[in-house]
Amino acid sequence: MSPSVIDKYFLPLKNRDVFSITENFYIDISMVCNLNCRYCNIVKLQKYREVLTFDKFEVVIKNIDPNKAYNITFYGGEPLIFLKELVLMIELLKKINPQNKISVFTNGILINETVEKLAKSGVINLIISLDGEKTINDMNRKYKYNKKSVYKDVISNLKKYSLFEYSNVNVVISLNNYKYLEKSLSHLVELGFKNINFDIDYTAKWSDFDLKNLRIKILSIVKKYFSDIKNGKKYCISNFFRNPVKKNNNVRYLFLMPDGNFYYSEYVRFIDYKNHKQEILKFFERLARYDNMSINEIVSGICMYILHKGKINFDIFIKIEKMMKEILNKFTFDYENTGWNRK
Ligand code: SF4
């Protein structure tokens, strides 16, 4: 493979092409966040202060296909820090096509009446980052400049605006919290969240022992989940409903970054592509051989490797992906059997 072949994955995409490549977009208005979570890769990028203003956004969005319904997720950084811009962007996307599905990922600290209205009216799908009960959540999710409990503040906001049943929750499973996985999920269901998703912290140093135990924990929550559903509980762990078979090199989503350009990964913007080209090519060829890795994962993995100065172990990522595929293949659930409809 020649280095120029991978240029298209590591350079900004041509704006006019992006809306036909995929229907799934992430938008990072900025990389700035009011928290400093232990496993976060974004916090390391905060010196990059650029903001996707509404003016820039309007220019970008001119090429969107008004006849297509897109899945658009505001990500970041913390999108609610830029609430004014965010609301204008959401209004424009809905004006272009009311069928555009908009999600907003937030740590929940800045939720207010505006966010409440957007969530309750169904204009946005709110996704709250929360890992479980207070001690478990606050192990990793922390304020930058004070020792206040993040959990307490997020829960108090969700209570104040009665948003539990209108919000999805996203849990990050890491080395220091996977032991409490059953407890965390039970707690989130008790709070009233109807949709739960979990991500795994691939940058943690998982040993074989930890991976074996992580597998046991995930199997345990799958079993508990199906038993809960049989007993009439109505919640969804969205990971169990995803089709685990990804086609190698499929484009699954694109990122619109604060510079007004689209990329295959939000980390592309932060690596020195020119000076790492040979190294990138070597890893690209290696990772593209694995089944079940999308082009987004390959590009993200390589960027993370460079950003972490070679401290990321690709084999761990591959092992976790294989493990998840094996578990999900065994258990992926026929949703119709649950007897209720997930929104
Ligand atoms: S809330 Fe999200 S973006 Fe902010 S520090 Fe935590 S993980 Fe990173």
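What the phi angles of the stretch 122-131 give under the Karplus curve with 6.51, -1.76 and 1.60, with θ = phi - 60°, is a coupling list of x, 5, 10, 9, 8, 10, 9, 8, 7, 9 Hz, glycine and proline written as x. Among Ile306, Ile173, the ranking by other beta carbons within 10 Å of each residue's beta carbon, starting with the fewest, stands as Ile306, Ile173. Only helical runs count toward this figure. For the chain, summing -39,500 (n - 2.57) over DSSP H runs of n ≥ 4 and dividing by all residues gives -12500 deg cm²/dmol at 222 nm. Of the trypsin sites (Lys or Arg not before Pro) found in the stretch 1-106, those in coil by DSSP whose Cβ has at most 12 other Cβ atoms within 10 Å are Lys14, Lys47, Arg49, Lys62.
Each residue of the stretch 260-271 is assigned a 3J(HN,Hα), and the resulting list reads x, 10, 9, 9, 6, 8, 5, 8, 3, 4, 10, 10 Hz, derived from the Karplus form 6.51 cos²θ - 1.76 cosθ + 1.60 (θ = phi - 60°), x at Gly and Pro.
Put simply, the amide H of Cys236, placed in the peptide plane, has neighbours under 5 Å in Asn195, Ile196, leaving out anything fewer than 5 places away on its chain.
For a 4.7 Å threshold on C-beta separation, the list of partnerless cysteines in the chain reads Cys33, Cys236, Cys303.
Under the convention that each Lys and Arg Cβ holds +1 and each Asp and Glu Cβ holds -1, the size of the dipole of the stretch 13-338 around its Cα centre is about 580 debye. The aspartates and glutamates within cross-link reach of Lys183, meaning a Cα-to-Cα straight distance under 13 Å and a gap of 8 or more places when in the same chain, are Asp131, Glu133.
If neighbour count is taken as other Cβ atoms inside 10 Å, put Ile318, Ile200 in order from fewest to most. Spell out each step's value before the answer.
Numbers: Ile318 17, Ile200 21.
Going from least to most buried by this count: Ile318, Ile200.
Exposure proxy shown here: for Met323, Met31, the number of other Cβ atoms within 10 Å sets the order, fewest to most, as Met323, Met31. Hey, which aspartates and glutamates would be in cross-link range of Lys277, C-alpha to C-alpha under 15 Å, not counting anything within fewer than 8 residues on its own chain? By straight Cα distance, Lys277 reaches Asp7, Glu285.
In the structure shown, the pairs Lys179/Lys205; Lys95/Lys117; Lys84/Lys117; Lys205/Lys282; Lys212/Lys325; Lys212/Lys330 are assessed against 20 Å; a Cα-Cα span above that value is assigned to Lys205/Lys282. Computed about its Cα centre, the charge dipole of the stretch 164-319 is approximately 420 debye, with only Lys, Arg, Asp and Glu carrying charge at their Cβ. What percent antiparallel are the DSSP beta bridges of the stretch 13-338, to the nearest 5? Taking every DSSP beta bridge with both residues in the stretch 13-338, the antiparallel ones total about 10 percent. With a cut-off of 17 Å on the backbone N, the residues of the stretch 277-293 near the modelled label site 7 Å out from Lys322 along Cα-Cβ are 286-293. Residues in the stretch 143-157 carry Karplus couplings, in order, of 6, 6, 10, 8, 9, 4, 7, 5, 3, 4, 5, 5, 5, 5, 5 Hz; the curve used is 6.51 cos²θ - 1.76 cosθ + 1.60 with θ = phi - 60°, and Gly or Pro positions show x. Residues whose amide H lies under 5 Å from that of Ile173, counting only those 5 or more places away or on a different chain, are Asp199, Ile200, Asp201; hydrogens are built 1.01 Å from N in the peptide plane.
Rg over Rh for the stretch 13-338 works out to 0.94, using Cα positions for both radii and the Kirkwood form for Rh.
Laboratory data are not the source of any read-out in this text; all were calculated from the coordinates shown. This one's a predicted model, so the numbers in the text were calculated from it and none came from an experiment. Glycine gets a Cβ as well: all are built from the backbone with ideal geometry, and neighbour counts include every protein chain shown.
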